[in-house]
Amino acid sequence: MSATVDLLLREDLRDFGGYRSARSEVLDGSVWLNANESAWANGSDSEGRLRRYPQPQPEALCARLAALYGVAPPQLLVGRGSDEGIDLLLRAFCMPGRGAVVIAPPVFGMYAVCARLHGTEVIEVPLRDAAAGLRADLPAMGDAALAGSASLLFLCSPGNPSGELLELGAIAQLAQRLRGRCLVIVDEAYIEYADAPSAIALLADRDNIAVLRTLSKAHALAAARVGCVLGAPSLITALRRVQAPYPLPQPVVEAALGALSPRALALTCSRMAAVRDARARLADGLRALRQVRRVHASLGNFLLVRFFDATAAFAALLAAGVVVRDMRAMPQLGDALRITVGSAEDCRRVLAALETSRAEAP
């Protein structure tokens with residue numbers, strides 16, 4: 001076990017083996033009677049594909065994801081989206097009702113939700129509203145982690161909703177500063193849209209970095225709920241011990257394998273280029289509108305947009321049948337909406353709806 005994982009893992013879990021399901025056993029046989037499964041397929045399952053429990057960590061899918069992300073299979077854990085990865089990290093490294101995590105709001109809400117459901121303190125270091133946009137203050141986050149004895153620090157890159165891409169050098173520097181004290185979790189749900197290097201490149205030299213990836217966004221499998229935690233093998237082993245058995249249903253595994261075929265990956269790559277182009281055109285169109293106060297630069301598949309009257313803008317979009325994310329309840333974003341970059345027709349409808357809005361500059 002790595003020094004950081006050994007130091008930060010909950011003491012009561014260091015000798016904890018977790019639940020070993022029947023499919024965890026590596027055994028040869030032709031008659032499988034060890035999992036209390038039905039002897040017959042369901043009438044709706046003509047091929048009998050669903051009668052057996054799936055593998056806890058599907059070997060073929062793990063191998064394909066490891067190849068995609070450039071890691072060894074022992075460095076990867078698959079689960080029910082990035083959300084499960086966040087929850088597992090809290091379970092493994094924070095005692096219930098104790099501990100602390102550091103986040104930089106406004107940011108993806110599940111970091112705080114999982115922490116608070118676990119009874120863990122949430123230390124907030126708000127994003128700075130700079131000339132370049134909303135920016136994470138990594139040195140201040142490091143200060144907060146050390147002062148609050150936090151065991152987890154969550155970064156989102158590109159940020160949701162900020163759109164900010166964090167520099168790998170800054171992440172590495174932060175991780176080095178917190179080595180042996182805190183895990184740095186880099187959520188890269190939107191990294192494919194940025195066409196930028198991943199923090200996965202830092203794993204070889206920093207045993208206190210973990211990376212979250214998902215197939216929900218760029219790979220268009222949001223309903224399948226497939227995500228990964230990437231990190232040191234000892235970290236992955238620790239997370240497996242606290243994960244519930246059979247996280248991915250077999251149909252989901254098959255859908256994910258199909259989405260990771262060479263042909264599907266080539267199509268995904270071409271679509272990322274199309275999204276980046278559409279993002280630039282939508283941003284230009286929004287900036288030309290009188291009711292728009294500011295369009296934040298973004299390297300995700302969304303734009304954070306500030307309005308002179310966000311209430312009127314939201315109403316105008318909804319009246320045109322366009323549903324966007326209302327950000328007004330989040331800190332610092334009382335005038336903002338988040339707009340996903342959709343198809344060309346979707347973007348035209350957004351601009352057309354806002355052109356008729358009365359949410360203009362005073």
Cβ charges +1 (Lys, Arg) and -1 (Asp, Glu), total dipole of the chain, debye
440 debye
What fraction of the DSSP beta bridges in the chain is antiparallel, stated in percent and rounded to the nearest 5?
60 percent
Given a Förster radius of 35 Å and the C-beta distance between residue 246 and residue 352 as r, what FRET efficiency does 1/(1 + (r/R0)^6) yield to the nearest 0.05?
0.15
Net lengthening on full extension, residue 51/residue 117 (0.36 nm per residue, minus Cα-Cα)
20.4 nm
If neighbour count is taken as other Cβ atoms inside 10 Å, put 117, 88 in order from fewest to most.
117, 88
Any number yet on Rg/Rh for region 264-355, C-alpha, Kirkwood?
0.99
Sorted by Cβ density within 10 Å, fewest first, the residues 118, 296:
118, 296
I'd like the distance separating the alpha-carbon centroids of region 29-97 and region 185-217, in whole Å.
21 Å
What ranking of 15, 205, 335 emerges when the number of other C-beta atoms within 10 Å of each C-beta is taken as an exposure proxy, fewest first?
15, 205, 335
FRET efficiency for residue 345 and residue 222, Cβ-Cβ distance as r, R0 = 30 Å, nearest 0.05?
0.90
On full extension of the chain, what length is gained from residue 205 through residue 264, given 0.36 nm per residue of separation minus the C-alpha to C-alpha distance?
18.0 nm
R0 of 22 Å, Cβ-Cβ distance residue 67-residue 21: FRET efficiency to nearest 0.05
0.30
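Here, each number is a calculation from the coordinates, and none is a lab measurement. Quantities reported herein were computed from a predicted structural model and do not represent experimental measurements. For neighbour counting, all protein chains shown are included, and Cβ atoms are generated from backbone atoms with ideal geometry for every residue, glycine included.
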